[in-house]
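Beneath this line is the structure, given in structure tokens, with notes to follow.
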Amino acid sequence: MTFDKVYQYNFPTTIRFGAGAVKELPAYLQKNGLKRPMIVTDPTIASLPFFKAIVTDLQAHNISVEVFNDIHKNPVKSDVYKGGDVWDNTSRDSIIGIGGGAALDVARAIVLRVNHREDLFKYDDLIGGDVYVTNDVPHFITIPTTSGTGSEVGRSAIIADDETHQKKILFSPKLMAQIVFADPALTMDLPPFITAATGMDALTHNMEAFLAKNPHPLCDGIALEGISLIKDALEKATNKPDLESRSKMLMASMMGAIAFQKGLGVVHSLAHPLSSLLDTHHGLANAVNIPYGMEFNIAGFEDKFRRIARTLELKEETGEAVVKYLFELNTKVNIPHHLRDIGVKPEHIETLADLALADFAHPNNPKPVSREDFKQLYLKAL
């Protein structure tokens with residue numbers, strides 16, 4: 001494929017992919033009779049030139065824009081409620097999520113809340129709350145600006161409780177965007193750290209999805225191709241970005257999110273508590289933990305790791321070679337190898353282990369993970 005034209009993919013929703021895709025937004029809104037969108041983003045993105053250009057372009061087409069950006073980098077329930085109040089008070093007709101995982105998760109949760117006004121966590125998928133998602137939802141559009149979570153193509157939002165910090169999953173097929181404008185040009189100016197951390201998040205999604213215990217050959221194929229794209233692109237996208245590397249990373253990010261409908265695993269359960277307890281960037285938390293989590297999974301799943309190693313074109317097709325590759329990749333993109341380098345202290349370990357055990361991701365890990373396993377993994381990574 002070339003990287004200077006826009007392609008359309010209809011999987012799992014309509015995706016307009018390519019440099020310049022975001023310029024199609026005003027015409028799309030007009031075609032669908034949408035004149036008053038609410039844009040949900042984060043405070044950093046709201047200050048950037050490309051975001052202001054999007055808003056200016058919409059206004060030039062006589063489209064009224066309301067921007068909501070009062071969100072945390074690891075989103076909490078109160079963010080969603082505040083956004084719901086903005087929706088109520090400004091007479092909007094659609095929601096556009098622009099940003100990385102935090103902004104898109106909050107946008108999707110507000111989409112849910114518009115016509116579902118009971119306590120937000122009643123709709124938690126982990127307790128069967130998806131059966132209560134019965135009403136219509138607003139027209140929803142997503143525009144990713146990082147290449148990490150792939151939330152733009154997802155059907156769920158991860159939102160934490162303000163007090164307990166426990167993460168909940170809001171899920172329904174109704175929450176999938178009607179269209180995604182995936183424009184790699186919007187990611188060209190991402191700083192190296194964000195590129196690396198979100199890129200390692202995408203790699204974690206693809207690797208964990210491939211290893212997840214539920215049989216799903218469709219997701220397995222997508223995950224392996226996502227791993228291959230990241231192998232080709234992440235180091236360059238981080239250290240010397242061009243449109244090709246940015247495009248491959250954006251595509252691999254979406255592929256990871258499609259693949260992980262199969263499930264995630266131990267790495268995400270190690271990472272989520274770091275974000276909720278210590279406000280660690282989610283991608284960074286995954287990046288530091290992925291070598292240790294993958295090492296934990298090797299025994300009994302050597303064939304799976306052989307396929308990952310082959311996809312990475314490693315000389316030795318073993319799990320140990322995959323772990324070595326992950327440490328080396330982290331070095332190349334300036335990710336530290338130890339939790340102590342990102343603010344974790346020995347006194348955090350017991351609480352982290354409790355939170356990890358309660359996390360929703362590890363039940364899909366290829367092998368069971370006990371509280372003691374989590375504690376030992378944290379200590380090893382420390």
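Computed quantities for the displayed model
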read-out: Pick from the stretch 373-382, criterion hydrophobic (A, V, I, L, M, F, W, C) and free of Cβ contacts under 8 Å to residues at least 60 places away in the same chain, ranking: nearest to PHE301 (Cα to Cα); value: LEU379
read-out: Filtered residues of the stretch 129-170 (kept if hydroxyl-bearing (Ser, Thr, Tyr), open to solvent by less than 10 Å² (accessible area, probe 1.4 Å) and more than 22 Å from ALA287 (Cβ to Cβ)); value: THR142
read-out: Residues of the stretch 122-145 that turn out to be in a helix (DSSP H, G or I), of a type in the set (Phe, Trp, Tyr) and within 22 Å of the chain's Cα centre (by Cα), as a count; value: 1
read-out: Count of residues meeting criterion [of a type in the set (S, T, N, Q) and within 14 Å of HIS362 (Cβ to Cβ)] in the stretch 247-274; value: 1
read-out: Flag for LEU264 being touching a residue at least 12 places away in the same chain (Cβ under 8 Å), open to solvent by less than 40 Å² (accessible area, probe 1.4 Å) and not in a helix (DSSP H, G or I); value: yes
read-out: The stretch 128-163, subset touching a Ser or Thr at 6+ places or on another chain (Cβ under 6 Å) and among the small types (Gly, Ala, Ser), residue farthest from GLU24 (Cα to Cα); value: ALA160
read-out: Count of the stretch 7-21 residues which are closer than 22 Å to ALA53 by Cβ, in contact with a strand residue (DSSP E or B) (Cβ under 7 Å, 6 or more places away or on another chain) and open to solvent by 20 Å² or more (accessible area, probe 1.4 Å); value: 1
read-out: Residues that are in a loop (DSSP other than H, G, I, E, B) and aromatic (Phe, Trp, Tyr), drawn from the stretch 311-361; value: PHE360
read-out: Any hit, the stretch 244-254, residues being farther than 25 Å from LEU377 by Cβ and not in a helix (DSSP H, G or I); value: no
read-out: Residue that is surrounded by the fewest Cβ atoms within 10 Å (Cβ to Cβ) [pool: residues in the stretch 22-42 that are among the basic types (Lys, Arg) and farther than 22 Å from ALA185 by Cα]; value: LYS31
read-out: Single residue of LYS231, LYS213 found to be over 24 Å from ILE45 (Cβ atoms), not polar (S, T, N, Q) and not in a helix (DSSP H, G or I); value: LYS213
read-out: Selection from the stretch 72-92 of residues that are in a loop (DSSP other than H, G, I, E, B) and open to solvent by 50 Å² or more (accessible area, probe 1.4 Å); value: HIS72, LYS73, SER91
read-out: Meets criteria (modelled with pLDDT of 95 or more, closer than 15 Å to PHE171 by Cα and crowded, with 24+ Cβ neighbours inside 10 Å) for ASP119; value: no
read-out: Output for the stretch 43-63, where each listed residue is over 21 Å from ALA102 (Cβ atoms) and either aromatic (Phe, Trp, Tyr) or out of contact with any strand residue (DSSP E or B) (no Cβ under 8 Å at 6 or more places or on another chain) (or both); value: ALA53, THR56, ASP57, GLN59, ALA60, HIS61, ASN62
read-out: Residues of the stretch 171-220 satisfying the condition of being touching an Asp or Glu at 6+ places or on another chain (Cβ under 7 Å) and open to solvent by less than 40 Å² (accessible area, probe 1.4 Å); value: SER172, ALA177, VAL180, PHE181, ALA182, PHE210
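Residues checked against (1) out of contact with any helix residue (DSSP H, G or I) (no Cβ under 9 Å at 6 or more places or on another chain); (2) surrounded by 18 or more Cβ atoms within 10 Å (Cβ to Cβ); (3) free of Cβ contacts under 8 Å to residues at least 40 places away in the same chain:
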| residue | (1), (2), (3) |
| --- | --- |
| LEU329 | no, yes, no |
| ASN334 | no, no, no |
| LEU339 | no, yes, no |
| VAL344 | no, yes, no |
| HIS362 | no, yes, no |
| ASN365 | no, yes, no |
| PRO368 | no, no, yes |
| ARG371 | no, no, yes |
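Residue-wise test of (1) of a type in the set (A, V, I, L, M, F, W, C); (2) part of a helix (DSSP H, G or I).
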site: ALA285; (1), (2): yes, yes
site: GLY293; (1), (2): no, yes
site: GLY300; (1), (2): no, no
site: ALA309; (1), (2): yes, yes
site: PRO363; (1), (2): no, yes
site: VAL369; (1), (2): yes, no
site: ASP373; (1), (2): no, yes
site: LEU377; (1), (2): yes, yes
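The values are calculated or read from the model by the stated rules, or taken from the named source; none is laboratory data. Remember, predicted model here, so these are calculated numbers, not experimental data. In this analysis, Cβ positions are derived from the backbone assuming ideal geometry, glycine residues included, and neighbour counts consider all displayed protein chains. The area values use the complete protein model at the heavy-atom level, side chains included, leaving out ligands, DNA and RNA. Shrake-Rupley method; radii C 1.70, N 1.55, O 1.52, S 1.80 Å.
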